Every structure is written in structure tokens, then in C-alpha cells.
Amino acid sequence: MKNVLITGGSGLLGQYLNIAISKKFNIHTTYRNNPGNCKEFPYSKINIINKNELRMIFDAVKPEIVIHTAAITNPVPKENQSAKEYFETNVTATKSIAMLCEKYKAKLIYISTDLVYAGYRGSLLKEDAKLIPASLYAETKLVGETKIKESTENYLILRTALLYGFGLNHSRCHFQNMFDDLKNNKPVKLFTDQFRTPISLIDAANIITDLAEMDVKGETINLGGLEKVSRYELGEILCSLAGFDKNLIQKITIDDIPNFPKVEDVSLNTDKLKSLGIGVRTIEENIRELVANK
């Protein structure tokens, strides 16, 4: 089995990748602060900003595939987060990893975001659609894409849609908070005017595993679900399937949240993904499974 190195292995997606990838590959996963489930696998605690630490882990693992998920992902920086920190983590470290992948002849699978697209140019965007990131997070992820293309030809860039499901250990996502509030009969405020093509954490991890097995490189691929929905509509689907009260959902718009990046529609066309023989389940199928196993 091939050796796979995972960065950000304790993150929301990273922990699901640890599980999925370990079934098909020899994995070595990494984390910086919270270990999550990383200690259930061969692991290292590293700071990806530190080039020496990166070189040491590459030399020790000798990866044939690197899945780079580690990033600062907050669309709006927290009070203690600077633009410099975003660039060091999302751009500089990504370039270092890409250069090491080139040196070790490893394929780099980079987890980017649907938020790199212009959010006002239409629906179901293809990979060649206009790119106008509206947040510091999205901007740095896009620059990270550029640094990868400059450093190696052996890459896959996955522009990943809104992830939903239940985070493992310390990790959480908006869907999980929404589920808990609705379950406890608490009101939730959901956007009616932002549209995405959400993909479940389980599906995303399994698809990335499938892509890691394929001889595909030098491609940018949209990684999203089948349906274009707003967060409000996603909440309605959850209420219907889980038996929650839809009256608890309060409609809001992006403009109601001060300083929130205005991204109206970054729903993804996933024809390229499907052309590789990869299927995605519907939102209803995924949420039924999530509710049944909760």
C-alpha cells in the first residue's frame, strides 16, 4: 500500500479522512493542537509553518500521496487572527508542502474551497468559472492553488463545497450546531440568499480516498453535492427528516450579519467529478443516515 501523509488530520474533514484513507493506504496523519482521532493512527504533532518540521516529516514518512487539509478556515478573522497568519498558514506553508511533494515525487491533493468563485456570476459553476474570492480565507486558498501549480504538476485541487454532518471529538460545523439547537427546540437563523451544493463529511472523505487511488493529476475538480440549496432549505430538509419544528427556523440574509463576506451563489457543477465514475448521494440520503445513527 502507498504511504499517505495527511495535514490537518484533527480537523473537521481530516478526522474523517484518517478513517477512510487508512482503509486503503498506509497513513501518517498530523495535527497541531487538538489531536482528535489522530492518535488512533500513526501520527505526528507538527506546525506546518515550520519548514524544518515539514522536511523532517517528509523524510520520515516518504509519502507517495499528500492530502493537505490544514488551513485557517474562518471566513471572518477572529480578534486574535491577522492577515499575516492567514498567509503564512494558507499560502506559505502550502507552497512549502508543494515543493516537498515535487522533491519526493508525491502527488499533492489540496483541499480548496468553493468560495474562491465569484458569488454573483450564476449557478452551478464549472471549474473555469470566474474567480473572485470575497474573504481573506478564500483569497489565501486561491493563492495557495497558484503556488501549487507553480511548484508541481502532480496535484489535484479540490474546490470543496459546504461540508455538513457531525464533527468528531472537538470538531464541529454549522450543521451540527443547527441540529443540536433544533433538537432542543431552540430557534436557528439561516441564510435564505446564499446558495451552495453541500456535501457530507462522509461522502467527501470517501471521494477523496477514491481520487487518491486514481491516476489523475494536474486537475482542478469541484467537490460538491448534487443539489443547490440555501442554508434555510438545508434546515427545512433536516426538520422534515428528523421531525423537528420548522417554525424554529428564522429567515435571515447575508446583509443581516455585519462584515460577513457577501457570497450569493457558489453552487458547483460536478460533471468533471462524475466523469471519473464517482457518485454522490443526495442530501436526503445523507441526512437520513445521520439522523438514524445519531
Original post:
In this structure, does T30 turn out to be open to solvent by less than 80 Å² (accessible area, probe 1.4 Å), touching a residue at least 24 places away in the same chain (Cβ under 8 Å), under 24 Å from S171 (Cα atoms) and in a helix (DSSP H, G or I)?
Top reply: no
Original post:
Out of E145, E127, which single residue is open to solvent by 20 Å² or more (accessible area, probe 1.4 Å) and in contact (Cβ under 8 Å) with a residue 24 or more places away in the chain?
Top reply: E127
**OP:** Report the residue count in the range 177-204 for those that are in a strand (DSSP E or B) and either over 23 Å from S112 (Cα atoms) or at pLDDT below 95 (or both).
**Re:** 3
**OP:** Residue by residue through the range 1-27, note down the ones that are in contact with a Pro (Cβ under 6 Å, 6 or more places away or on another chain) and surrounded by fewer than 24 Cβ atoms within 10 Å (Cβ to Cβ).
**Re:** N3
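Here's the yes/no breakdown for (1) open to solvent by 30 Å² or more (accessible area, probe 1.4 Å); (2) out of contact with any strand residue (DSSP E or B) (no Cβ under 7 Å at 6 or more places or on another chain); (3) touching a residue at least 60 places away in the same chain (Cβ under 8 Å):
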| position | (1), (2), (3) |
| --- | --- |
| K45 | yes, no, no |
| E53 | yes, yes, no |
| F58 | no, yes, no |
| I65 | no, no, yes |
| H68 | no, no, yes |
Subject >> Test: I207 is in a helix (DSSP H, G or I), over 19 Å from V66 (Cα atoms) and at pLDDT 95 or above >> reply: no
Original post:
If you go through the range 167-174 one residue at a time, do you hit one that is in contact with a strand residue (DSSP E or B) (Cβ under 6 Å, 6 or more places away or on another chain), under 21 Å from E285 (Cβ atoms) and surrounded by 18 or more Cβ atoms within 10 Å (Cβ to Cβ)?
Top reply: no
Original post:
Could you list, in sequence order, the residues of the range 1-13 that are in contact with a helix residue (DSSP H, G or I) (Cβ under 8 Å, 6 or more places away or on another chain), of a type outside the set (S, T, Y) and farther than 12 Å from E213 by Cα?
Top reply: L5, I6, G8, G9, L12, L13
**OP:** Determine whether K39 is farther than 26 Å from R172 by Cβ and without any contact (Cβ under 8 Å) to a residue 60 or more places away in the chain.
**Re:** no
Original post:
Of all helices (runs of 4 or more DSSP H) completely enclosed by the range 43-115, which ones contain at least 2 residues that are within 21 Å of the chain's Cα centre (by Cα) and under 30 Å from H174 (Cα atoms)?
Top reply: 83-87, 93-104
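The values are calculated or read from the model by the stated rules, or taken from the named source; none is laboratory data. Note that the structure is a prediction, hence the values are computed from the model and not measured. With ideal geometry, Cβ positions are generated from the backbone for all residues, glycine too; neighbour counts draw on all protein chains shown. The accessibility values were calculated without ligands, DNA or RNA, using every heavy atom of the protein model including side chains. Shrake-Rupley method; radii C 1.70, N 1.55, O 1.52, S 1.80 Å.
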